[in-house]
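Just below is one structure, and these are the notes that go with it.
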Amino acid sequence: QVQLVESGGGLVQPGGSLRLSCAASGSIFDIHGMGWYRQAPGKQRELVADSTSGGITNYADSVKGRFTISRDNGKNTVYLQMNSLKPEDTAVYYCNADIRPRGLGGLINYWGRGTQVTVSS
């Protein structure tokens, strides 16, 4: 059973920083793309940042220059360093990954349960 578990969310003041982590566990053969999405109340889920297994990254325009995605492939973990946080960054942040479980031929897309990030004074 493969699962993604996020951590690191919380309450932070505007201008502050948080670091999110997402660890994939279970019977994993390999992991391809990993990324972070977010969903604010009343809004659709949107891509924040993603990374290929080779380290090619992609960011939403709204977070460029403030957020950094990184991976530790040896630990099956993806991180999101969030700096200069704004109230509009408040959302539930979800981890997403394309994983090939052991014993199966194809990639399966997995989601974590999400972690709340609240930016408020």
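Results, tabulated for the structure shown:
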| quantity | calculated |
| --- | --- |
| In region 18-37, residue most open to solvent (accessible area, probe 1.4 Å) [restricted to those that are of a type outside the set (A, V, I, L, M) and touching a Lys or Arg at 6+ places or on another chain (Cβ under 7 Å)] | Phe29 |
| All positions within region 1-46 that are among the β-branched types (Val, Ile, Thr) and in a strand (DSSP E or B) | Val5, Val12, Ile28, Ile31 |
| Flag for Lys43 being of a type in the set (Lys, Arg), touching a strand residue (DSSP E or B) at 6+ places or on another chain (Cβ under 7 Å) and within 25 Å of Gln13 (Cβ to Cβ) | no |
| Residue in region 93-121 that is surrounded by the most Cβ atoms within 10 Å (Cβ to Cβ), counting only those that are in a loop (DSSP other than H, G, I, E, B) and touching a Phe, Trp or Tyr at 6+ places or on another chain (Cβ under 7 Å) | Gly112 |
| Top-ranked residue of region 81-92 - restricted to ones that are open to solvent by 20 Å² or more (accessible area, probe 1.4 Å) and under 13 Å from the mean Cα position of the chain (by Cα), ranked as nearest to Gln116 (Cα to Cα) | Val92 |
| Filtered residues of region 1-47 (kept if hydrophobic (A, V, I, L, M, F, W, C) and in contact with a Leu (Cβ under 6 Å, 6 or more places away or on another chain)) | Val12, Leu20, Cys22, Ala24, Trp36 |
| Subset of region 48-80 [among the hydrophobic types (A, V, I, L, M, F, W, C), surrounded by 15 or more Cβ atoms within 10 Å (Cβ to Cβ) and under 18 Å from Asp30 (Cα atoms)] | Val78 |
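The values are calculated or read from the model by the stated rules, or taken from the named source; none is laboratory data. The structure displayed is predicted, hence computed values, not measured ones. Cβ atoms come from the backbone with ideal geometry, glycine included; neighbour counts cover every protein chain shown. The area values use the complete protein model at the heavy-atom level, side chains included, leaving out ligands, DNA and RNA. Shrake-Rupley method; radii C 1.70, N 1.55, O 1.52, S 1.80 Å.
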